[in-house]
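Here is the structure we will look at.
Rule-based calculations on the coordinates, nothing more; no lab input. Because the structure is a prediction, the values reported are computed rather than measured. Cβ atoms come from the backbone with ideal geometry, glycine included; neighbour counts cover every protein chain shown.
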Amino acid sequence: MHEGHEQMFRRRFFVSTLLSIPVLLYSETLQGWLGFTVPAFSGSEWINPVFAVIVFAYGGVPFLRMAAPELEDRSPGMMTLISMAITVAFVYSLASVVFPTTSAFFWELVTLIDIMLLGHWIEMRSVRRASSALDQLARLMPDTAERITESGDTEEVPVSELSEGDLVLIRPGASVPADGVVEKGDSDVNEAMITGESRPVSKEPGNEVIGGTVNGDGSLRVRIDATGDETTLAGIMRLVEEAQESKSQTQVLADRAAGWLFYVAVAAAAVTAVAWTVAVSFDAEVIERVVTVLVIACPHALGLAIPLVVAINTSLAARNGMLVRDRIAMEEARNFDAIIFDKTGTLTEGEHGVVGMATVEGTDEEDALSLAAAVEGDSEHMIARAIRQTADERGIDAPDAVDFEAMKGQGVRAMVDGDEVYVGGPNLLNHLDSDIGSDLRRFADEAGENAQTVVYLVREGELIAAFAMADVIREESYRVVDALHELGIEVAMLTGDSQDVADAVADELGIDTVFAEVLPEDKDAKVQELQDQGKLVGMVGDGVNDAPALTRADVGIAIGSGTDVAVQSADIILVQNNPMDVVRLVKLSKASYRKMQENIVWAAGYNVFAIPLAAGVLAPVGILLSPAVGALLMSLSTVIVAINAQLLRRIDLSVPSLPGVSAPGQARPAD
């Protein structure tokens with residue numbers, strides 16, 4: 001749409017400008033100002049009105065058509081003001097042909113239309129360029145793929161013909177045609193265009209690949225599991241498109257300001273007419289003053305001020321791995337009072353391992369680990385994977401488990417050899433009303449002091465073992481907390497882990513507020529708790545278990561891999577699993593809003609300055625603003641707004657430039 005409008009305004013600008021040249025040359029006013037003359041001939045007096053009518057019909061009518069919906073909705077805005085200005089100038093100039101004593105505005109009319117066309121061409125061109133991230137994403141997907149047939153041969157087929165379950169060959173340097181899982185081969189895949197990760201990601205059998213990414217030197221065979229609108233890339237494109245179509249609060253304010261300006265211009269014209277009639281009696285000069293007020297009230301710069309900044313903001317965000325679903329959320333990010341981080345997988349690496357065990361008297365460690373691995377056999381939770389991996393490393397075979405049940409926020413249970421066995425954290429013990437013996441309590445206390453998570457094993461209602469699990473704090477987490485503190489933002493952490501573990505991690509990172517032992521369904525209540533203190537709260541989580549909290553927060557931020565970008569509960573999705581992107585988000589939000597404010601000042605400043613001058617406020621001292629000078633001021637305001645918006649592209653979002661960021665340190669153990 002933007003490209004079509006851009007071409008239309010471009011074409012009409014050049015044609016109208018060429019047709020305006022004769023009008024300018026045969027304008028007596030310009031000849032007097034610039035001291036030149038042109039040859040007169042029979043009928044030359046009709047050059048100005050004839051060419052002005054053509055310019056109005058060709059270059060001005062599109063504005064009238066775009067104003068019609070505003071008038072039908074009784075909500076005057078940008079197009080209404082522009083249409084009013086050029087129509088008044090056109091009618092007034094034609095009247096000068098019938099009434100020769102009235103000064104004509106022909107050259108002012110054509111230059112006004114030319115400037116309006118130029119401004120809209122610049123706007124459409126800038127918006128189209130700023131929105132090019134969507135087109136660039138679309139071009140990432142290849143047109144064809146090499147599908148492997150049942151006989152083992154390959155056939156080249158259009159990507160649109162791929163189906164879930166197809167096996168495709170990805171040659172070195174080729175683009176991945178759709179989302180899938182590697183079945184055979186090893187290679188490094190460049191995912192920078194999707195996740196922003198600059199380093200190629202190693203892929204081997206079992207790893208997921210994203211459609212649109214580029215294969216490295218190895219050959220891969222990939223089983224397709226998502227095609228068409230279900231792919232990650234399609235999800236990203238939908239999010240970018242939604243963001244481009246939405247309006248921010250500042251943009252809505254600018255649209256309303258244009259409507260107000262329409263009434264201000266009409267009122268100013270009425271006051272001007274009355275005041276000048278009283279002062280000098282009603283004559284052609286009064287009409288000229290009224291026309292001048294109406295002509296220069298065009299809010300072109302105001303119309304460009306916000307949309308251009310928002311479009312550039314969306315493009316910059318997408319290129320830096322930030323997908324904006326709600327522009328109001330992006331705008332609100334600059335006002336954060338507090339940001340809550342989910343702990344596991346966000347501030348920490350999220351990969352647990354068993355680093356210690358304790359059992360009650362009469363229970364063997366291998367037996368306890370075997371039971372725990374059996375119960376966790378059907379769970380995909382990271383703790384379950386850690387227990388199974390530890391059992392595998394020790395060569396322990398787990399017995400079969402039946403009647404598996406996941407207990408939300410508490411743990412899991414299953415039947416093993418006829419016994420009911422539970423594995424879970426402190427909430428599980430509260431649920432089962434189990435007592436902790438002195439030995440296991442001492443083990444749990446020591447683990448808590450070492451920032452380790454404790455998982456308990458319960459058989460037939462009896463607590464028989466405890467496992468200490470360790471995670472690692474991301475090195476970025478130390479820096480992101482420092483950076484947010486530098487920006488004056490409170491940092492909170494939300495976790496289902498024990499209070500001791502949460503406090504240890506919070507002390508290590510310097511986190512201000514800790515919410516521990518929180519069940520998933522209670523997370524949104526903790527967000528509400530901070531909001532009730534009058535704080536604007538952002539919530540950062542994985543976008544799945546944290547969905548209620550993400551929705552409750554003033555700004556919900558989903559952080560995770562590229563396959564999580566379609567999370568509907570979040571306002572903003574950070575494609576890379578990097579908490580430092582939260583700081584980048586705040587910085588971009590602040591810079592974008594600052595540009596919006598600057599542009600509104602420039603745009604509104606023009607009208608505040610020009611309308612009183614056009615009305616003749618300084619007429620007693622010999623200063624009157626003509627429509628021509630008003631049009632030039634309007635053009636200058638538009639150019640300044642456009643250039644200022646483009647300067648947003650120069651913002652430095654690299655890590656070293658962020659406040660509070662020091663050199664990377666070594667990751668240290670946490671829970």
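Could you work out the local net charge near Gly425, counting Lys and Arg as +1, Asp and Glu as -1, over the other residues with Cβ closer than 9 Å to its Cβ?
Neighbour charge sum, excluding Gly425 itself: -2.
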Item to complete: Name the long-range amide H neighbours of Met493: under 5 Å, sequence gap of 5 or more, or other chain; modelled H, no Pro or chain starts.
Response: Phe341, Thr513, Val514, Phe515
Worksheet entry | segment 415-477 - Rg and Dmax from Cα coordinates, angstrom | 13.5, 47
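Would you mind checking the pairs Lys526/Lys595; Lys526/Lys590; Lys408/Lys523 and listing those with alpha carbons more than 23 angstrom apart?
Details: Lys526/Lys595 34 Å; Lys526/Lys590 26 Å; Lys408/Lys523 13 Å.
Where the Cα-Cα span goes over 23 Å, the pairs concerned are Lys526/Lys595; Lys526/Lys590.
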Worksheet entry | Under 5 Å, built H, 5+ apart or other chain: amide partners of Gln452 | none
Item to complete: Count the net charge of all other residues whose Cβ sits under 15 Å from the Cβ of Pro205, scoring Lys and Arg as +1 and Asp and Glu as -1.
Response: -2
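Provide the packing ranking of 46-53, 149-156, i.e. peptides ordered by the mean count of other C-beta atoms within 10 Å per residue, highest first.
Values: 46-53: 18.9, 149-156: 8.9.
Ranking the peptides 46-53, 149-156 by packing returns 46-53, 149-156.
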Worksheet item: How large is ³J(HN,Hα) for each residue in segment 601-618, as worked out from phi by the Karplus curve 6.51 cos²θ - 1.76 cosθ + 1.60 (θ = phi - 60°), to whole Hz, x for Gly and Pro?
Response: 4, 5, 5, 5, x, 4, 5, 4, 7, 7, 4, x, 5, 5, 6, x, 4, 9
Worksheet item: Along segment 168-176, what does the Karplus equation 6.51 cos²θ - 1.76 cosθ + 1.60 (θ = phi - 60°) give for ³J(HN,Hα), rounded to whole Hz, x for Gly and Pro?
Response: 10, 9, 10, 6, x, x, 8, 8, 6
Worksheet, complete the sentence: For Gly616, the residues 5 or more places away or on another chain with a placed amide H closer than 5 Å to its own amide H are Leu625
Worksheet item: Rule-of-thumb check for segment 18-88: C-alpha Rg over 2.2 N^0.38 Å?
Response: 1.46
Item to complete: For segment 359-372, just list the computed ³J(HN,Hα) in residue order, Karplus coefficients 6.51, -1.76 and 1.60, θ = phi - 60°, integers in Hz, with x standing in for Gly and Pro.
Response: 10, 7, 4, x, 10, 7, 4, 5, 5, 5, 5, 5, 5, 4
Discussion item. Compute the distance from the alpha-carbon center of segment 386-414 to that of segment 459-478, in whole Å.
Written reply: 14
Worksheet item: Just for the Cα atoms in segment 348-449, what are the lengths along the principal axes, largest first, rounded to whole Å?
Response: 33, 32, 29
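Please list 203-212, 529-538, 332-341 highest first by mean number of surrounding beta-carbon atoms within 10 Å per residue.
Details: 203-212: 19.2, 529-538: 17.0, 332-341: 22.3.
The most tightly packed comes first, giving 332-341, 203-212, 529-538.
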